[in-house]
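Enquirer: Structure below; questions to follow.
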Amino acid sequence: MIARSLSRAGLLLLGAACAAPGGPGPIPQTRTYYIAADEVNWDYIPTGLNQIRGDSLQGVEVLIGTSGSDRIGRVYRKALYREYTDSTFTTLKPRAPAWEHLGYLGPMIRAVVGDTIRVVFHNNATQPYSVHPHGVFYDKASEGAGYNDGSPTSDRGDDGVHPDSTYTYTWTVPERAGPTKEQGSTAMWMYHSHVNESKDVNAGLIGVMLITDPLMAKADGTPNDVDREFVISFSEIDENDSWYFEHNINTFATDPASVDRNATFAELSYNLNLRETMNGYQYGHLPGLTMKVGERVRWYTMGATNFEMHAPHWHGQTLTSRGMRTDVLSLVAMEMATADMVPDNPGTWMFHCHVGFHFVFGMGGMFTVTE
Ligand SMILES: [Cu+2]
């Protein structure tokens, strides 16, 4: 506790030395986010086409992208974290165009080392859900996961928030939640529901946090050495293991009785519900990846919670990551990897998972670099 207080005091001193005139600079603050779990229908392939080829779906893509007597198709009921303007949870906060690409991911939670994050969580869904963060500092009343840890009842309200209920999670952001010197100005973490970790995340409840070094933070908390940030989750979403699997069969398959609910991982009918996505989009539908030549672009990537093994690959440019020049990263389950790019090659370029099966099953997108 003493160490945390000292580091906070140190940050305040540094903030006083570095803050821009009139600006709050890195002076610690509490950042409050109003986030609900909402049940919505999600379309993995909004145009129904393969946008990478610029052509109709073909072969197995047709089975993935269209419903039928014994299959669900491209639309599924999901539970997603969505941001609201205040504690009444009546007005959705519009997503800024720069973050349109987040897709099915929850709202971006941003903070600076020294800040406190408050997430006022309202459960609009039909299932108990929680908000469990990675990286930041939490006590047992804000962990968002319940297990045999000896917590008293008073510390268990966070474990699973019941439908139509609200709970406030409080997380502090000490230095160990921020970037190391080698990482640069920002660190990436995630948050997700952890009542039934696998079913909750496959239902869609996952999002990302970005933590900035206070010495490199602008007044709004964004890093001062980056022009454009993109967050891409290479998510294998196992709809067979979502809370809404039965609902989706009964709603979207035209002959629900004919659906094989007990298919194994080795069977095609199982794999049709294993959505290989980037932020919940398949076959080139991830929107908003636009940037200019010469901009300092930071890419945050991560895997999801299944049998993940991904190889994000950018065409046409190179990046630096972990001190190495590369154009391919590697991700296992819930792993996070960051890379910096200064685009020098204008055009529209493919950006996809290099695992062959994943790419065939839809894990591909494109980004555009303009002059
Ligand atoms: Cu992959």
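Enquirer: With θ taken as phi - 60° and the coefficients 6.51, -1.76 and 1.60, list the Karplus ³J(HN,Hα) couplings across the stretch 292-301 in order, rounded to whole Hz; mark glycine and proline as x.
Expert: Once rounded to whole Hz, the list reads 10, 3, x, 5, 8, 10, 10, 10, 10, 10.
Enquirer: If you take the charge dipole of the chain about its Cα centre, with +1 on Lys and Arg Cβ and -1 on Asp and Glu Cβ, which of Met363, Gln29, Tyr281 is farthest toward its positive end?
Expert: Checked the options; the winner is Gln29.
Enquirer: Still on this structure, I have one more. Can you tell me the relative contact order of the chain? Whole percent, Cα pairs under 8 Å, sequence separation 6 or more. Mind showing how you got there, number by number?
Expert: On the way: 921 pairs, mean separation 65.7, N = 371.
For the chain, the relative contact order is 18 percent.
Enquirer: Let me ask another. Need the C-alpha centroid separation for the stretch 310-347 versus the stretch 38-116, integer Å.
Expert: 23
Enquirer: Additional query: Quick check on the chain: take the gyration tensor over C-alpha atoms, sort the square-rooted eigenvalues as a ≥ b ≥ c, and tell me if it's rounded (a/c under 1.5), prolate or oblate. Present the calculation step by step, with values, prior to reporting the outcome.
Expert: Details: a/c = 2.09, a/b = 1.26, b/c = 1.66.
Oblate, since a/c reaches 1.5 and b/c is not below a/b.
Enquirer: Given the -39500 (n - 2.57) contribution per DSSP H run of 4+ residues, what per-residue ellipticity at 222 nm results for the chain, rounded to the nearest 500 deg cm²/dmol?
Expert: Rounded to the nearest 500, it is -3500 deg cm²/dmol.
Enquirer: If you find the alpha carbon centre of the stretch 165-221 and of the stretch 290-306, how far apart are they in angstrom?
Expert: Their Cα centres are 16 Å away from one another.
Enquirer: Please sort by residue number the chymotrypsin sites (Phe, Trp or Tyr not before Pro) in the stretch 146-236 whose DSSP state is loop and whose Cβ has at most 11 other Cβ atoms within 10 Å. List each step's numbers first, then the result.
Expert: On the way: sites: Tyr147, Tyr167, Tyr169, Trp171, Trp189, Tyr191, Phe230, Phe234; in loops: Tyr147.
Passing sites in the stretch 146-236 are Tyr147.
Enquirer: Let me ask something else about it. With +1 assigned to the C-beta of every Lys and Arg and -1 to the C-beta of every Asp and Glu, and no other charges, what is the dipole magnitude of the stretch 37-86 about the Cα centre in debye, to the nearest 20?
Expert: Details: 6 positive and 8 negative charges, 40 e Å.
For this selection, approximately 200 debye.
Enquirer: Measuring with a 1.4 Å probe in the full set of protein chains, what accessible area per residue, in whole Å², belongs to the chain? It would help to have the intermediate numbers written out before the result.
Expert: Details: 15380 Å² over 371 residues.
On a per-residue basis, 41 Å².
Enquirer: First check a/c for the stretch 236-371, with a ≥ b ≥ c the square roots of the eigenvalues of its C-alpha gyration tensor; if it is under 1.5, answer rounded, and if not, answer prolate when a/b is larger than b/c or oblate otherwise.
Expert: Numbers: a/c = 3.01, a/b = 2.16, b/c = 1.39.
Since a/c reaches 1.5 and a/b is larger than b/c, the shape of the stretch 236-371 is classed as prolate.
Enquirer: Over the chain, with every protein chain in place, what whole percent of the accessible area is carbon and sulfur at 1.4 Å, could you tell me?
Expert: Values: 8550 of 15380 Å².
Of all accessible area on the chain, carbon and sulfur atoms account for 56 percent.
Enquirer: HN-Hα J couplings of the stretch 85-93 from phi, Karplus 6.51/-1.76/1.60, θ = phi - 60°, integer Hz, Gly and Pro as x?
Expert: Once θ is set to phi - 60°, the couplings for the stretch 85-93 become 6, 7, 6, 7, 6, 9, 10, 5, 7 Hz.
Enquirer: If you put +1 on each Lys and Arg Cβ and -1 on each Asp and Glu Cβ, how big is the dipole of the chain around its Cα centre, in Debye rounded to 20?
Expert: Numbers: 27 positive and 42 negative charges, 180 e Å.
The calculation lands at about 860 debye.
Enquirer: Each residue of the stretch 157-164 in turn: what ³J(HN,Hα) in whole Hz from Karplus with 6.51, -1.76, 1.60 and θ = phi - 60°, glycine and Pro shown as x?
Expert: With the stated coefficients, the stretch 157-164 comes to x, 7, 4, x, 8, 6, x, 6 Hz.
Enquirer: For the stretch 320-371, what does the alpha-carbon gyration tensor say about shape, rounded, prolate or oblate, given a ≥ b ≥ c as the root eigenvalues, a/c under 1.5 as rounded, and a/b over b/c as prolate? The partial results should precede the final answer.
Expert: Details: a/c = 2.58, a/b = 1.16, b/c = 2.23.
Oblate is the answer for the stretch 320-371, as a/c is 1.5 or above yet b/c matches or exceeds a/b.
Enquirer: Between Asp255 and Lys218, what is the label-to-label distance in nm when each label sits 7 Å out along the Cα-to-Cβ direction?
Expert: Taking the two extended label points, one gets 5.7 nm.
Enquirer: In whole Å, what is the distance between the alpha-carbon centres of the stretch 126-151 and the stretch 249-275?
Expert: Measuring centre to centre over Cα atoms gives 32 Å.
Enquirer: Can you pull the accessible area of His354 for me, 1.4 Å probe, Å² to the nearest 10?
Expert: Surface accessible to solvent at His354 totals approximately 100 Å².
Enquirer: Taking the alpha-carbon distance from Lys292 and a cut-off under 29 Å, which lysines remain once sequence neighbours fewer than 8 residues away in the same chain are dropped?
Expert: Answer for Lys292, where 29 Å is the Cα cut-off: Lys93, Lys181, Lys218, listed by chain and number.
Enquirer: Can you give the angle from 0 to 90° between the axis of helix 2-18 and the longest principal axis of the chain, with both taken from C-alpha atoms, to the nearest 10?
Expert: 80
Enquirer: Once the other residues with Cβ under 12 Å from the Cβ of Ile117 are scored (Lys, Arg +1; Asp, Glu -1), what is the net sum?
Expert: Details: positive: Arg31, Arg110, Arg118; negative: Asp115.
Once all neighbours under 12 Å are counted, the net charge is +2.
The values are calculated or read from the model by the stated rules, or taken from the named source; none is laboratory data. Just so it is clear, the structure is predicted and the values come from calculations on it, not from any experiment. Note: ideal-geometry Cβ built from the backbone for every residue, glycine included; neighbour counts use all protein chains shown. The area values use the complete protein model at the heavy-atom level, side chains included, leaving out ligands, DNA and RNA. Shrake-Rupley method; radii C 1.70, N 1.55, O 1.52, S 1.80 Å.
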